[in-house]
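The values are calculated or read from the model by the stated rules, or taken from the named source; none is laboratory data. Note that the coordinates shown come from a computational prediction; the quantities given were computed from them, not determined experimentally. Cβ atoms come from the backbone with ideal geometry, glycine included; neighbour counts cover every protein chain shown. With ligands, DNA and RNA removed, areas are computed over all heavy atoms of the protein, side chains included. Shrake-Rupley method; radii C 1.70, N 1.55, O 1.52, S 1.80 Å.
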Amino acid sequence: MNDIIHNDNKRQFANGQISCDLRGKPDAAGPKAQLNMNSRERPDMEPEQFPAPIGKLLGLNLLQAENGMAVVEFVADERHANPAGTLHGGVLSDIADAAMGFAYYTTLAADESFTALELKINFLRPVWKATLRAKARVVRAGKLVGLVECDVVDEKKRLVARASITCLTLRGQLAEGRRPPALLTRGSEA
């Protein structure tokens with residue numbers, strides 16, 4: 001039995017997913033919401049404006065989101081500084097949270113949503129002005145609970161922060177009113 005369905009060279013997760021550990025062999029798989037984007041970052045691709053108000057406020061750009069991974073780009077400058085003059089930790093957390101949320105959304109069915117149960121971040125290098133990329137990947141997308149990790153790197157590919165989030169998948173009445181961004185549903189078949 002094939003755990004991952006390959007369709008036009010794209011991985012899709014099946015309805016009724018039990019769990020999927022994207023580091024190893026998945027337990028179950030099936031069709032989920034997919035973005036209409038390439039599976040790797042494309043320097044020639046126009047970044048997507050972030051579809052949530054907080055992303056627009058911060059100036060986040062979505063570079064990639066599919067198959068349990070996402071990349072969000074952010075240009076940090078003095079507007080985002082804390083009183084010490086370095087990038088505010090909350091802003092760095094927002095960047096990672098946005099990437100991890102998009103990565104997890106790509107594993108969900110069209111009628112599912114999620115909420116965060118826990119967010120953890122380690123700040124590893126101070127940032128003043130830099131172009132940052134938050135690269136998130138789903139470690140495990142279980143039937144109810146998922147785990148996503150994210151590395152935030154600067155333009156020199158130095159690790160600035162590492163984050164993780166635990167997600168609770170919502171279905172039925174719990175998912176009502178919590179819709180995935182339109183960007184995620186445009187390439188899926190409803």
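Brief remarks follow.
- The stretch 63-92 residues that are within 10 Å of Lys129 (Cα to Cα), paired with ones that are assigned to a helix (DSSP H, G or I) (beta carbon under 6 Å, 6 or more apart): His80/Val91; Leu87/His80
- Arg186 modelled with pLDDT under 95 and closer than 19 Å to Val71 by Cα: yes
- Scanning the stretch 104-119 for residues that are in a strand (DSSP E or B), open to solvent by 60 Å² or more (accessible area, probe 1.4 Å) and either among the polar types (S, T, N, Q) or in contact with a helix residue (DSSP H, G or I) (Cβ under 9 Å, 6 or more places away or on another chain) (or both) turns up just one, Leu119.
- Some residue of the stretch 148-156 being touching a Ser or Thr at 6+ places or on another chain (Cβ under 7 Å), open to solvent by 30 Å² or more (accessible area, probe 1.4 Å) and more than 18 Å from Val71 (Cβ to Cβ): no
- Condition check for Ala99: at pLDDT 95 or above, assigned to a strand (DSSP E or B) and either open to solvent by 20 Å² or more (accessible area, probe 1.4 Å) or among the aliphatic types (A, V, I, L, M) (or both): no
- Within the stretch 123-175, being among the charged types (D, E, K, R) and at pLDDT below 95 holds for Lys143, Arg171.
- Qualifying residues in the stretch 120-147 (those that are in a strand (DSSP E or B) and open to solvent by 80 Å² or more (accessible area, probe 1.4 Å)) - the one farthest from His88 (Cα to Cα): Arg140
- Among residues of the stretch 69-96, those that are open to solvent by less than 60 Å² (accessible area, probe 1.4 Å) and closer than 12 Å to Ala136 by Cβ, counted: 5
- Long-range neighbours under 7 Å by Cβ, at least six apart or interchain, first residue touching a residue at least 24 places away in the same chain (Cβ under 8 Å) within the stretch 104-132, second open to solvent by 50 Å² or more (accessible area, probe 1.4 Å) and assigned to a strand (DSSP E or B): Phe114/Leu168; Thr115/Leu168; Leu117/Leu168; Asn122/Arg162; Leu124/Leu159; Leu124/Arg162; Arg125/Leu159; Thr131/Val75
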